[in-house]
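This report concerns only the one structure given below.
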Amino acid sequence: MELKSRFLVFILIFVIAVFSFYQPTKGKEFKQVNLRYGDDPKQTLDLYAPTTDINKEYPVIIYVHGGGWMRGDKSNVTDKPAFFTNKGYLFVSVNYRFSPKVSYDEMANDIASAVKWIYQHAEQYHIDKQKLNLMGHSAGGHLVMLVGTDPNYLERVGLSPDKIKSIVNLDGPIDLVDYIPKNKNYKQVFGSNRRIWAEASPITYADQQHLPPMLLVGPRSNSIVTFVKKARSAGNVIQTFETKTLTHREITKLLGTENGPKEAENMTSVVGRFLETYNLMSAN
């Protein structure tokens with residue numbers, strides 16, 4: 001009997017230990033890396049999911065990194081995955097192909113294809129497919145704005161543009177006709193044809209109706225002022241957060257961090273409230 005009792009105690013301790021080990025912990029997230037949404041090695045994404053309630057469907061933030069359309073990696077996300085999963089979102093960071101291998105148009109097609117993959121795998125990863133949010137920094141901000149304003153990209157992959165719940169642009173250019181003459185190195189990405197620059201510019205599509213709600217984060221510029229005026233005149237919801245001390249790189253590096261300066265804290269708060277309005281406080 002003594003041996004049997006010891007064995008039962010051992011089994012009980014083992015079960016408790018295993019259960020404790022696998023219990024979700026606040027501040028932790030479940031991560032899967034290099035999930036493929038296309039055939040090219042760059043067409044991959046990383047997925048970070050909350051581990052608080054596997055029976056719940058979560059809104060998702062689809063993040064696109066910067067790098068001048070020529071470099072960068074989906075692993076460069078700093079504190080954003082932990083911050084947003086703690087807030088009740090899935091966070092997906094997307095890689096895409098670069099110039100000169102592909103054109104900006106094919107990069108935008110990659111982002112649209114990643115959105116379609118996420119939509120198709122929503123049930124598998126407990127994603128609320130009615131709450132797909134785009135976020136991007138720098139070149140990634142340009143690409144998510146282009147996919148979100150020019151309906152052709154999502155329609156090419158068989159998705160309706162109204163599937164996008166909101167867009168957060170972290171200092172990504174929105175008017176390339178204004179931007180490229182000041183940053184001539186990017187002619188190697190977009191060429192020298194101003195008509196192509198206009199076609200690649202989200203500001204070209206700002207006066208369309210029924211665009212997703214957008215938050216533009218960055219220093220004040222004529223491009224932002226014009227975009228906001230055109231978009232609001234068409235009945236769209238546009239918010240801005242004007243940065244004054246944060247550098248271009250710090251805008252993404254410090255989003256979601258606990259140790260940033262006051263302006264970074266304010267930026268994080270504004271981004272959080274914006275997303276909450278269209279996801280966690282919205283019934284649809």
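Where a number appears in this text, it was derived from the coordinates with a stated rule and is not lab data. Not measured: the values here are computed from a predicted model. Note that we place each Cβ from the backbone using ideal geometry, even for glycine, and neighbour counts take in every protein chain shown.
Numbers below:
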{"item": "Longest DSSP-loop-exposure-free segment, GluC sites (Glu not before Pro), the chain, at most 13 other Cβ within 10 Å", "result": "124-257"}
{"item": "Karplus 3J(HN,Hα) series, Hz, for segment 64-69 with 6.51 cos²θ - 1.76 cosθ + 1.60 (x for Gly, Pro)", "result": "10, 6, x, x, x, 6"}
{"item": "Members of LYS163/LYS184; LYS31/LYS253; LYS31/LYS163; LYS129/LYS230; LYS165/LYS229 lying beyond 26 Å, as alpha-carbon distances in this model show", "result": "LYS163/LYS184; LYS129/LYS230"}
{"item": "Net lengthening on full extension, HIS121/ASN86 (0.36 nm per residue, minus Cα-Cα)", "result": "10.4 nm"}
{"item": "The chain: angle of helix 139-149 to the longest principal axis, Cα-based, in degrees nearest 10", "result": "80"}
{"item": "Helix-only mean residue ellipticity at 222 nm for the chain, each DSSP H run of n ≥ 4 adding -39500 (n - 2.57), per residue, nearest 500", "result": "-11500 deg cm²/dmol"}
{"item": "Extension gain from ASN185 to VAL237, taking 0.36 nm per residue of separation minus the Cα-Cα distance", "result": "15.4 nm"}
{"item": "Which of SER93, SER192 has the fewest Cβ neighbours within 10 Å, and the rest in rising order", "result": "SER192, SER93"}
{"item": "Angle in degrees between helix 222-233 and the longest Cα principal axis of the chain, rounded to the nearest 10", "result": "80"}
{"item": "Cβ crowding within 10 Å averaged over residues, with 135-143, 228-236 ranked highest first", "result": "135-143, 228-236"}
{"item": "Sparse-neighbour loop sites [trypsin sites (Lys or Arg not before Pro); segment 90-180; at most 13 other C-beta within 10 Å; DSSP]", "result": "LYS101"}
{"item": "Degrees separating the helix 262-278 axis from the principal Cα axis of the chain, which is the longest one", "result": "80"}
{"item": "Semi-axes of the equivalent ellipsoid for segment 55-173, Cα gyration tensor, largest first, Å", "result": "21, 17, 12"}
